[in-house]
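The structure under discussion appears below in the form of structure tokens.
The values are calculated or read from the model by the stated rules, or taken from the named source; none is laboratory data. It should be emphasised that the depicted structure is a prediction, and the values quoted were computed from it without experimental measurement. Heads up, the Cβs are rebuilt from the backbone with ideal geometry, glycines too, and the neighbour counts pull from every protein chain shown.
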Amino acid sequence: MKTRLLIALSLAALPWFASAQTLTVSAAASLTDAFKEIASRFEASRPGSKLRFNFAASGVLLQQIAQGAPADVFASADQETMNRAADQKLIAADTRRDFAANALVLITPADATATVASLADLTKPAVRRIAIGKVASVPVGRYTQQALGSAQLWSALSAKLVFADNVRQVLDYVARGEVEAGFVYRTDAEIARDRVRVAATVAGHAPITYPAAVVADSKQTALARDFVGYLVGSEAQAILARHGFGKP
């Protein structure tokens, strides 16, 4: 009798286990807070689904995917990195969707003594170190390089630059007062507004838009497509807006 009961209970549990799916999302570091909130809503609306995140610089994530790291969805902080993913056939091109936009800002520590209100102020002797993302792998670093190049300040400031592995590391350097200034996204500055000050919104760079796509080798293609579609839907867009992201 006990044996039959155990078998019955096991069979009753099978549909739940069969429907349980884990989706691995490789996403730009600047999406960390928004995506964690989006995950709870997405999972609640799809019983049995579970989102697992890998947050890092977009270029690093692309390299990981190219080397075979498991991923079902790739969300980048720039179009250039996603273009490289498409060129390498690492994504299903027909699933690519732009879902958010951002702005580049110049920040300083909240208690900074040096007055910085513009890009030109970065040339002052009091500004000794400026944190930016690594240009080769971190989109915010490339946006920064474009902006400083447009202002004809890239060469003049090159000796002061401190390169970070991702945008959140730039934010930490500034928040801890280890550098006099840094370049991050508006959304990153917002989460540390008690520790950093936005000195200026920066122009002179390519539009900052975020694309997402299903990874070509995904084992959860249907759920991955569902998630990418969810990102452009009203619920996810409202969450992104609350975290400071704009529409693409």
Q. If you scan the range 153-167, which residues turn out to be in contact (Cβ under 8 Å) with a residue 24 or more places away in the chain and more than 21 Å from Ala206 (Cβ to Cβ)?
A. Ala156, Lys160, Val162, Asp165
Q.
From the list Thr108, Thr81, Thr24, exactly one residue is at pLDDT 95 or above, among the hydroxyl-bearing types (Ser, Thr, Tyr) and over 15 Å from the mean Cα position of the chain (by Cα). Which is it?
A. Thr108
Q. Name the residues in the range 77-97 that are crowded, with 18+ Cβ neighbours inside 10 Å and acidic (Asp, Glu), would you?
A. Asp78
(Q) Just to be sure I understand the filter: pairs with C-beta atoms under 7 Å, separated by 6 or more residues or on different chains, first member in the range 126-152 and crowded, with 17+ Cβ neighbours inside 10 Å, second member of a type in the set (S, T, N, Q) and at pLDDT 95 or above. Which pairs pass? (A) Ile132/Thr144; Gly133/Thr144; Gly133/Asn166; Val135/Gln145; Val138/Asn166; Pro139/Ser58; Pro139/Thr81
Q. When both residues are 6+ apart or on different chains and their Cβ atoms are under 6 Å apart, which pairs have a first residue that lies in the range 109-121 and is touching a residue at least 40 places away in the same chain (Cβ under 8 Å) and surrounded by 18 or more Cβ atoms within 10 Å (Cβ to Cβ), and a second that is of a type in the set (A, V, I, L, M, F, W, C) and in a loop (DSSP other than H, G, I, E, B)?
A. Leu119/Ala151; Leu119/Leu153
Q. In this structure, is Ser155 modelled with pLDDT of 95 or more and surrounded by fewer than 20 Cβ atoms within 10 Å (Cβ to Cβ)?
A. yes
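Okay, residues lined up against (1) at pLDDT 95 or above; (2) surrounded by 14 or more Cβ atoms within 10 Å (Cβ to Cβ); (3) in contact with a His (Cβ under 8 Å, 6 or more places away or on another chain); (4) farther than 15 Å from Tyr230 by Cα:
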| position | (1), (2), (3), (4) |
| --- | --- |
| Phe42 | yes, yes, no, no |
| Gly48 | no, yes, no, yes |
| Ser58 | yes, yes, no, yes |
| Leu62 | yes, yes, no, yes |
| Ala75 | yes, yes, no, no |
Q. Among (1) touching a strand residue (DSSP E or B) at 6+ places or on another chain (Cβ under 6 Å); (2) over 28 Å from Val127 (Cβ atoms), where does Ile239 come up short?
A. (1)
